[in-house]
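Undergrad: Here's a structure for you.
The values are calculated or read from the model by the stated rules, or taken from the named source; none is laboratory data. What you see is a predicted model, and the numbers here were worked out from it, not measured in a lab. As a convention, Cβ positions derive from the backbone with ideal geometry for all residues, glycine included, and neighbour counts pool all protein chains shown. Side chains are part of the model used for accessible areas, which takes the heavy atoms of the whole protein and leaves out ligands, DNA and RNA. Shrake-Rupley method; radii C 1.70, N 1.55, O 1.52, S 1.80 Å.
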Protein chains: 2
Amino acid sequence: MRIGEIAALVGVTSRAVRHYHHIGLLPEPARQANGYRAYTVREAVLLARIRRLTEIGLSLDEVRDVLADDAGRELGEVLAELDADLARQEREIQERRQVLAALLEAPLTSDGPLSPALAALLDHAPATTSPAAAKDREHLALLDAAGDGAGAELFAALRPLAENPGVLALYERLDALEGAGADDPRIAPLAAELAAAVPDEVLAVIPEGEPSATGLGRVLLDDYPPAQRAVVRRVMEELAERVRRRGTA
Amino acid sequence: MRIGEIAALVGVTSRAVRHYHHIGLLPEPARQANGYRAYTVREAVLLARIRRLTEIGLSLDEVRDVLADDAGRELGEVLAELDADLARQEREIQERRQVLAALLEAPLTSDGPLSPALAALLDHAPATTSPAAAKDREHLALLDAAGDGAGAELFAALRPLAENPGVLALYERLDALEGAGADDPRIAPLAAELAAAVPDEVLAVIPEGEPSATGLGRVLLDDYPPAQRAVVRRVMEELAERVRRRGTA
DNA sequence: CTTGACCTTGTCGCAGCGTCAACGTTTCTA
DNA sequence: TAGAAACGTTGACGCTGCGACAAGGTCAAG
């Protein structure tokens, strides 16, 4: 038999047969005078075994192990292991499909899929085209993905703020500061009003220490132009002050 | 932020981030004077989106499509497609696990897993250490894997032969011919008795034409030493004769 | 004699990074 | 203050199981 014949007989491609030769899974048969491989029943039987095993789902390495092991016992182990592996994969797929179903249920935001906690928060926030609000949402999405797990509590605590219709005006005032200087007189009053709007529940989940100490806080601040950055910094200072007062009270 | 920081923040490895740069999925940020990449919130938000999407199971190419598409509609399509794909994978895994369960149920032969039809046949054959019988089993396993589908009927038809205790003696006489010449006097009577032992049901599933015409028949014959080959050829001729007689009768 | 269907070896490609290698930078520690 | 540990840089190979191509040689049929 030539390679195409044995391949067709067993139901694999010639390329696969050569591949099995290459990795030493199937011994190379003798050659004809023209250089063609001359296959016998020996190789055909071996190749058929290989195909049956790979069809079940064994890797070529596992097939090699099973074939090398003279005892048929190894096969049982490998199959049991394989079944366990498949069971795990099945669970993973089911979990992912559940996540997918939940995502397809909810309205798709342009920021991609979000955690349920953040999705609930944004769902209750009023629609707006404010760039500052958009930036806020980006920052929240980043916290969401940061995976430190503290996100969910923060999002729940921010719920009253999101439902407060007054924040829209504050966002607009923040937008107005986009090109302003760090010494703009509108900074102080806006920061005061913003800090006042933050509900007490949020204080509990604010990380301690200077925000600029952690890399994330510094980077988030750096994301704003000067005047807006000054506002955000003042708000954070104000909140820190409230935390201290609450601690001593 | 440096690469390690943004990677830890979002929950991927630095290597993955560099990989995303390499394939153009995440834009390269500006560099610091020392050559280090200097990340901002912009990249962090993007990277977080990428991670969420890949976590769901999107390929990097799909992630690129979703991110490139300004409309959030594309995402829905991709997710639906992904869910269909996962459903298909789930079905495949379940099917494979069923096959596995059936295999683990049956006793494991040293020839590896076999089709139910052949397994049933071998299960009813008496235990023997005859080399000729072993060769027969190999040939049957090869037919089993040949996938032409004609195997199952043949195996069913061979059932009476397997259960016939007389075949053991015939196998032993065949074994005795291993080193004999093609003109050995024991060939003719053994062939006659073997052919007589083959049940009529087998005749219906024997492929027509000369066995040496098909590649498989020739190769199977070549697998035997001369005297045994002569026996097998005579048996096949005898069976072909019976087919003809049955056809005209 | 040509055409087409085989065969040969060798190489690249695939997905998504992990893992060296070989080297420069920053930062902590003794 | 020096040295080590822990970062960063680019570049390249490895993994799985072959598919696909290149650039031929071989063989049977028209």
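Undergrad: If B:PRO165 meets every condition in (1) open to solvent by 30 Å² or more (accessible area, probe 1.4 Å); (2) away from chain A (no Cβ under 14 Å); (3) assigned to a helix (DSSP H, G or I) apart from one, which number is that one?
TA: Failed condition: (3).
Undergrad: Could you list all residues from the stretch B:18-52 that are among the β-branched types (Val, Ile, Thr) and more than 18 Å from A:VAL219 (Cα to Cα)?
TA: Within the stretch B:18-52, B:ILE23, B:ILE50 qualify.
For every residue, the table says whether it meets (1) away from DNA strand D (no atom under 13 Å from the Cβ); (2) surrounded by 15 or more Cβ atoms within 10 Å (Cβ to Cβ); (3) under 45 Å from the mean Cα position of the chain (by Cα); (4) without any contact (Cβ under 8 Å) to a residue 40 or more places away in the chain.
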site	(1), (2), (3), (4)
A:ILE3	no, yes, no, yes
A:VAL10	no, yes, yes, no
A:HIS22	no, no, yes, yes
A:ASN34	no, no, no, yes
A:ARG37	no, yes, no, yes
A:LEU46	yes, yes, yes, yes
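Undergrad: In the stretch A:77-129, which residue that is within 16 Å of the chain's Cα centre (by Cα), open to solvent by 50 Å² or more (accessible area, probe 1.4 Å) and not basic (Lys, Arg) is nearest to A:ASP175 (Cα to Cα)?
TA: A:PRO116
Undergrad: Failed condition for B:GLU28, given (1) acidic (Asp, Glu); (2) more than 11 Å from chain A (Cβ to nearest Cβ); (3) within 11 Å of DNA strand C (Cβ to nearest atom), with all others met?
TA: (3) is the only condition that B:GLU28 fails.
Undergrad: Also, I was wondering about something else. Can you name the residue in the stretch A:39-84 that is of a type in the set (S, T, N, Q) and in a loop (DSSP other than H, G, I, E, B) and, of all such residues, is nearest to the other protein chains (Cβ to nearest Cβ)?
TA: Per the stated criteria, the residue is A:THR40.
Undergrad: Which of the following residues is in a loop (DSSP other than H, G, I, E, B) and within 24 Å of B:ALA48 (Cβ to Cβ): A:ALA127, A:ALA180?
TA: Result: A:ALA127 is the single residue among A:ALA127, A:ALA180 that is in a loop (DSSP other than H, G, I, E, B) and within 24 Å of B:ALA48 (Cβ to Cβ).
Undergrad: Can you tell me which of A:ALA150, A:ALA146, A:ALA106, A:ALA141 is modelled with pLDDT of 80 or more and among the hydrophobic types (A, V, I, L, M, F, W, C)?
TA: A:ALA141
Undergrad: Same structure again: Working carefully through the options A:LEU143, A:LEU154, A:LEU158, find the one that is open to solvent by 40 Å² or more (accessible area, probe 1.4 Å), touching a helix residue (DSSP H, G or I) at 6+ places or on another chain (Cβ under 7 Å) and closer than 20 Å to A:GLY217 by Cα.
TA: It is A:LEU143.
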